[in-house]
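Working notes for the structure below.
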Amino acid sequence: MSDLARNPGRDKVIAVVTAGLTTPSSSRLLADQLAEAVRDELSGRGIGSRIELIEVRDHAHDLTNNLLTGFPSAALREVLETVAGADALIVVSPTFSASYSGLFKMFFDVLDDKALAGKPVLLAATGGTERHSLVLEFALRPLFAYLKALPVATGVYAASTDWGVNAATLRPRITQAAAELVAALHHETPTQADPFDNPTPFEDLLNS
């Protein structure tokens with residue numbers, strides 16, 4: 001029996017893996033907003049949570065050494081155990097050449113390939129343009145399907161404009177994805193947002 005089943009009232013542990021290369025980074029900013037939304041969703045159900053933030057860039061040298069030697073350092077082992085032991089996962093990668101970054105992939109390359117089996121995962125990515133938004137479906141989702149994780153239906157992609165002129169459209173996606181992750185934690189079928197509730201104005205379509 002899993003620890004979650006033995007003690008359903010305990011705080012839920014949400015591991016947040018973000019692979020931004022700079023400080024600050026848009027990937028970290030998106031990760032923080034997703035974590036906050038998941039925490040709020042759990043709090044609304046009367047459930048406590050603990051967010052474990054993992055900045056992959058802080059472990060870049062240890063990841064390289066692990067790939068070369070086959071053994072993680074003590075610090076990297078602790079991080080990998082945190083991910084394996086979490087109730088759910090939020091992952092955020094910057095977009096490089098229409099895919100996740102090499103650093104992001106390195107992290108999951110050294111993670112035990114059974115560590116994420118059955119674990120709910122919220123997929124997210126950042127990039128300079130909306131044209132790369134399908135990175136969620138063509139790169140991240142197949143990776144986590146291979147790892148036997150359970151990605152929620154709504155992924156969140158944030159382009160540069162989502163931090164400016166399109167900021168109002170980013171928040172609903174974050175909220176929907178967070179609700180789906182929490183529903184997955186409780187083995188519920190999430191309520192899907194109606195895509196016709198907030199249609200894109202025709203003039204915006206002409207300008208896109």
Relative to the compact globular guide of 2.2 N^0.38 Å, what is the alpha carbon radius of gyration of segment 36-140, as a ratio? 1.17
Kirkwood estimate for the chain, i.e. one over the average of 1/r between Cα atoms, Å: 17.7
Relative contact order %, segment 81-134, counting alpha carbon pairs below 8 Å whose residues are six or more apart: 50
Pull up the DSSP beta bridges for segment 43-177 and report the antiparallel fraction as a percent, rounded to 5. 15
Sort out the exposed loop trypsin sites (Lys or Arg not before Pro) in the chain (DSSP loop, at most 15 other Cβ within 10 Å) and tell me the longest stretch that has none. 46-113
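FYI, it's all coordinate maths here, none of it is from the lab. On a predicted model such as this, the values are computed, not experimentally measured, just so you know. Glycine gets a Cβ as well: all are built from the backbone with ideal geometry, and neighbour counts include every protein chain shown.
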